[in-house]
Amino acid sequence: MEVQFSEQIRQLELGAGEVFHGEGILAVTKGLLQSGVAYVGGYQGAPVSHLLDVMVQARPYLDTLGVHVEACSNEASAAAMLAASIHYPLRGAVTWKSIVGTNVAADALSNLASPGVVGGALIVVGEDYGEGASVVQERTHAFALKSTLALFDPRPELANLVRCVEHAFALSEASNMPALMELRIRACHVRGSFVAGDNVAPAVGTRQLMEEPAAFDYMRLAHPPVTFRHEKLKVEQRIPAAQAYIAANALNERLDGPRDEVGLVVQGGITPSLVRALQQIGLADAFGASQIPILVLNVTYPLVPQELRDFAAGKRALLVLEEGSPAYIEMDIVQSLRRADLQTMVHGKDLLPAAGEYGVEAIAPGLIDFVARYLPELDLAPARAWLQGNADRRAEVARALGELPPRPPGFCVGCPERPVFAALKLAQQRVGKVHVAADIGCHSFASFEPFQSGHSILGYGMSLASRAGVSPMMQRRSIAIMGDGGFWHNGLLTGVQAALFNGDDAVLLILKNGYTSATGTQEILNTPDDEAKAEAERQAAPHQSLVHRNRTIESTLEGMGVQWLKIVDSYDVEAMRRTLQEALTSDFDGLKVVVAEGECQLERQRRLKPWAARRLKRGERLERVKYGVDEDVCTGDHACIRLSGCPTLTIRDNPDPLRVDPVATVIDGCVGCGLCGSNAHAATLCPSFYRAEVVANPAWHERLVARLRASVTGWLRPASA
């Protein structure tokens, strides 16, 4: 991986009494090592990508402890790793992104939760929920309830995060339940410090091997008829054992306040938002001490009925702060209190938003209504004025700025996937509109303007499978888009294998950029190796794409029986247009695969910039390509922009006073990918683009030629110029 975590790895080596400084997700990683974890795995995905990335880069150090690290092909394979904890006293942790990853891992998780675990098993989930999320708006909580998994939602303070990691393993072992820990973005990236403990080498690990496997025990299998016994064990033994552990170790925090006639119950992860809202309405001081008692649920499942009853006793009302619907926690609290005949009024979704992320301004109105109802003696006029002031300021800014244009996410400058969608747009102008099954990854940005391409997104690597019910009903062939990350994650089996088995007449376009780019350019099976990068440097040509040197995808497809396979340079728009048009109209009846080769531009630049800097420092010749627009030729119709969407291709005022339309221009930031010129050629646009080679440290003969050219063009240039 190109992103380096050397400083973070040094933090992981801190011993007892030393102070750790860093992000929340790094604190969680340190907590794993302090807990004696024996194996770690996972699949990348923000906001918890760092956990796996750091572990992978820290392998030399982890090897000294006897900790095994596995970068898994998808979330299902990560969850399956936890099988090691079913029979053996091995503590294991895996990680992935949010509910989408949990859905992929569902089969393995269900079959893990049924027999339960002997060694502690922890799943760290990046709970990406709310308006700014990049996933479907579902919650991990539902899965914890369904499969009986302990669910931690820790208050995002580093010492508390580490404490919860250590207790999650212990709770898992005490109850035989696997544990989930959901971490929101704020928890992953909050910065702070805590006093570290010593890392603990596992009693059994890669340096302390077991001599014999465990004795066969049918009760440890998720297989009928013992699964019926497992279900009883969950209810009769595991949940009570987990509740007893939570209560005995005070995992949930009770923060007292003088106005104890009411109380607040909050998921640990959104505690900072609640405290800030209390500060804004005058019910908490600058240090976060609240006047209203708060029960912080660091463990949101299972809840402890007696703990809830003790907190509610003597209170007129509770306000439950729980993101998302259904209101699982609120319903559980109401049930616990009513069974104990406690008539404390419970509020939640009746005062707070039913859906969406609970930021400060989402919490504040409901909190004000709750306080006004049960603490009427308090003056809430300043709080209401603060809310209204915020609304007024937003309205004033909106009036001043007018309607702002939308700014959806888009491809990076020079991304090799942008020209592919330009070619697809041109191909459809000739063959007609086709159904496009989109997929998860950077290429999903093509659903925005100017491409607006993609009819469905069903799951990572699921595009080819998702068109299976559509293509037989269409007059024209459908096309499925898939990245190489999605191909290895799920697409190879759910899409390619199924299409070949069923003899489907379909088109698959694989965007081969060499990395799982959308989650941080993690390496995959077809990533260019270090030898290819070194060879490119030796040839003084690291600017060339390296993905063509790895033919793993192509050989896999051929080995599975794909007969129609074309490989095209992503940046050659005309060649890509012809190939897509051929695939959509070919007489061949079967799966047709087009592989678009173009290295991820982020990784290309990470190679190119240090190489260029070293050459410049040594005074060596360096040539870079730059594109531009001839303003005298540009007609101002902007068809090039509508076809490209590149951020560096924009408009400027026309220098000709007799012409009104602004002209196209290429601004700084251009990486010289050549898409603008390739588009102009493929679409037969105006010939206004030019390609220039900018040479640093030129040779003597290049300087001489440049002077001669300048002299000639100077003679030809009109005097008025």
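Summary of values
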| quantity | calculated |
| --- | --- |
| Two-site FRET efficiency, VAL712 against ASN390, from Cβ-Cβ distance with R₀ of 51 Å, rounded to 0.05 | 0.20 |
| About the Cα centre, charge dipole magnitude for the chain (Lys/Arg +1, Asp/Glu -1 at Cβ), debye | 1240 |
| 5 angstrom amide H check on HIS68, placed H, neighbours 5+ away | TYR39, VAL40, THR206 |
| Whole-angstrom gap from region 365-440 to region 693-712, using each part's C-alpha centre | 50 |
| Accessible area of LEU65 in the full protein assembly, 1.4 Å probe (Å², nearest 10) | 20 |
| For VAL195, net neighbour charge (Lys/Arg +1, Asp/Glu -1) across residues whose Cβ lies under 12 Å away | 0 |
| Residue-wise HN-Hα coupling along region 646-660, computed from phi with Karplus coefficients 6.51, -1.76, 1.60 (Hz; x: Gly, Pro) | 5, x, 8, 9, 9, 10, 8, 4, 6, x, 8, x, 8, 10, 8 |
| The chain: proportion of alpha-carbon pairs further apart than 43 angstrom, % | 39 |
| Region 307-329 versus region 570-591: alpha-carbon centroid distance in Å | 59 |
| Against the rule of thumb 2.2 N^0.38 Å, how large the Cα Rg of region 98-156 comes out | 1.17 |
| Amide H partners (placed H, <5 Å) of SER114, local residues excluded | none |
| Whole-angstrom gap from region 485-529 to region 124-162, using each part's C-alpha centre | 28 |
| Cβ-based net charge around PRO450, under 15 Å, with every Lys or Arg adding one and every Asp or Glu removing one | +1 |
| Solvent-accessible area, 1.4 Å probe, carbon plus sulfur percent, for the chain | 54 |
| Percent antiparallel among DSSP beta bridges (both partners in region 224-365, rounded to 5) | 25 |
| Label-to-label distance, nm, for residues given as LEU401 and ARG652 (7 Å Cα→Cβ offset) | 2.6 |
| Mean Kyte hydropathy of -1.0 or more with a Cα span along the axis of at least 20 Å, helices from DSSP in the chain | 158-175, 360-374, 381-401, 417-431, 700-716 |
| Amide H contacts under 5 Å for ALA437, placed H, 5+ residues apart | HIS455, ILE479, ALA480, ILE481 |
| Pair-distance profile P(r), taking every C-alpha pair of region 413-475, with 10 angstrom steps and integer % | 21, 51, 27, 1 |
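The values are calculated or read from the model by the stated rules, or taken from the named source; none is laboratory data. Only a predicted model underlies this, so the values are computations on that prediction, with no experimental measurement involved. Heads up, the Cβs are rebuilt from the backbone with ideal geometry, glycines too, and the neighbour counts pull from every protein chain shown. Heads up: the accessible areas ignore ligands, DNA and RNA and are worked out on the full protein's heavy atoms, side chains in. Shrake-Rupley method; radii C 1.70, N 1.55, O 1.52, S 1.80 Å.
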